[in-house]
1. I'm trying to understand the selection: among the residues of segment 398-419, which are within 22 Å of THR452 (Cβ to Cβ) and of a type in the set (Gly, Ala, Ser)?
2. Just the residues that are over 25 Å from ASP202 (Cβ atoms) and touching a Ser or Thr at 6+ places or on another chain (Cβ under 9 Å), please, taken from segment 221-266.
3. Do we have any residue at all in segment 127-141 that's buried (at least 24 other Cβ atoms within 10 Å of the Cβ) and over 26 Å from ALA16 (Cβ atoms)?
4. Restricting attention to segment 229-272, which residues are in a loop (DSSP other than H, G, I, E, B) and among the hydroxyl-bearing types (Ser, Thr, Tyr)?
5. Run down PHE367, PHE378 and say which single residue is over 17 Å from the mean Cα position of the chain (by Cα), aromatic (Phe, Trp, Tyr) and part of a helix (DSSP H, G or I).
6. If I ask for residues that are acidic (Asp, Glu) and closer than 23 Å to GLU390 by Cβ, which ones from segment 246-287 would you list?
7. Tell me, please, whether a residue that is out of contact with any helix residue (DSSP H, G or I) (no Cβ under 8 Å at 6 or more places or on another chain), in a helix (DSSP H, G or I) and surrounded by fewer than 24 Cβ atoms within 10 Å (Cβ to Cβ) can be found in segment 276-287.
8. Can you tell me which residue among VAL110, VAL64 is surrounded by fewer than 22 Cβ atoms within 10 Å (Cβ to Cβ), within 20 Å of MET214 (Cβ to Cβ) and touching a helix residue (DSSP H, G or I) at 6+ places or on another chain (Cβ under 6 Å)?
Amino acid sequence: MTEATTRANRRWSALALIVTAQFMVILDVAIVNVALPSIKTDLGFSQTNLQWVISAYAILFGGVLLLGGRLADLLGRRRLFVGGLALFAVSSLLCGLAWSEGSLIAFRAVQGLGGALLAPAALSLLMTTFEEGRERNLALGIYGAASGSGAAVGVLLGGLLTSYLSWSWIFFINVPVGVAAIALTPVLLRESRAELEHRHFDFAGAASVTAGLMLLVYAMTRATSDGWGSATTLGLLAGAAALVLAFVGIELRSRYPLLPLRIFRSRTLSAANGAMAIVGGVAFSEFFLLTLYLQDVLHYSAVESGLAFVGFALTVVVISNVAQWVTGRLGVRPTLTTGLLISALSVGLLTRLPVQGSYFWDLFPAFVLGGAGMGLSFVPVTIASLTGVERADAGVASGLINTSRQIGGAIGLAAVSAIAAASTNGYARAHAGASTAVGLDHGFQTGLYALTGLLVFGALLVITFVRPARPPAAVEPEVVALEEAA
């Protein structure tokens, strides 16, 4: 075996490790949903506090991602990868052993912190392991399959583990995976950090953006229970906006900014982050609405609800690996636009969901289309968000795209939940004799209409602002690259 072959094998083994870690983090965003009824019963959660099992994770995860990306650049990407893995594994063990409302919520917050350190370090390690071009696009295709299918597989796995073992195993399963990944990291991954003349850290920028993003996610969470027009929600949103604006002001004046604002000179990178926020918002909201539809309207069990998403998950995995080839041939803009429009068609079909729905007639075709749309979206949007980024900014760019997905997911979920709830309540008032299932179904349909419009808007955003790739003329087939201006 030649030295070149050995290096290539090492790269793909490293990718397998990175993808496993990323899949574990994304899986944990969704795996808890199906187990919530069991958690509520066993730990005596009130209905009001139950949402914090998800929200505690989301607040720390979404708020610290950008900081985690910059720490990876400055302290070492492999070092932060291992640190994030260790924190995630330990907190997962503690979540499974939780004995009360407060203990589980606290441990989920720590788990979110571990994920926020791990996720941007993983993506930046991928960037520095593979050179920009065909190999990186292939690697991002596999990474995109893990990211895109994680939510669907989470619903499936959560249902199986909760039904046949117990809800604790949705957390325990992370422990052996985390320990194995930590053991393999020194063997497969090389340390890398930004090649900078300084090691200064932007404490003011880190404090303002982390606090601002965490407050924003918290405000979205409170909006679902307190209402969007409540004084609490408006005050929290105003505070989050003030902190984010303060962060921008700090970065403009900082000699060593946490987030170099120059990277936003790339229209493609900026539009990619906007598109990722939309994709994240739709993914979080769609799985939430459909899980409730399956359980509260069609009365599926936890296992049946999980199995219902198999078609979605498998399609994402298959199409994500095709998407890197399609993106290499057609470019980011047409591939991403197609993915968003297919997703819009899928969600549009789901707006017809009846109260007496049939899985293979009313859900399965839309799930397959949705998986294809997501697979064709995740890969090009990730490629676009990292194309042309300097190696010194690999961590912060990785943190930024992960932040866009998570913050978009939090905002989308809160907004769509509020829309669906308002629609259900309005329908109940107008139709006093209607059953609860009919009212819920009407609310879910309204929420899905909102998601369809959001996806169409995302496609228009991409068409308008993402710069087309240069045609691959006069190059060998295996050297297709996406050269986009920064």
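1. SER404, GLY408, GLY409, ALA410, GLY412, ALA414, ALA415, SER417, ALA418
2. Hits for segment 221-266 are THR221, ARG222, ALA223, THR224, SER225, ASP226, GLY227.
3. Among the residues of segment 127-141, not one is buried (at least 24 other Cβ atoms within 10 Å of the Cβ) and over 26 Å from ALA16 (Cβ atoms), which makes the answer no.
4. Those that are in a loop (DSSP other than H, G, I, E, B) and among the hydroxyl-bearing types (Ser, Thr, Tyr): SER230, SER254, TYR256, SER266.
5. Of the residues listed, the single one that is over 17 Å from the mean Cα position of the chain (by Cα), aromatic (Phe, Trp, Tyr) and part of a helix (DSSP H, G or I) is PHE367.
6. Step one: list which residues in segment 246-287 are acidic (Asp, Glu), which gives 251, 286.
GLU251, the sole residue that qualifies.
7. Within segment 276-287, none of the residues are out of contact with any helix residue (DSSP H, G or I) (no Cβ under 8 Å at 6 or more places or on another chain), in a helix (DSSP H, G or I) and surrounded by fewer than 24 Cβ atoms within 10 Å (Cβ to Cβ).
8. VAL110
The values are calculated or read from the model by the stated rules, or taken from the named source; none is laboratory data. No experiment lies behind these values; they were computed from the predicted model shown. Cβ: placed from backbone, ideal geometry, glycine included. Neighbour counts: every protein chain shown.
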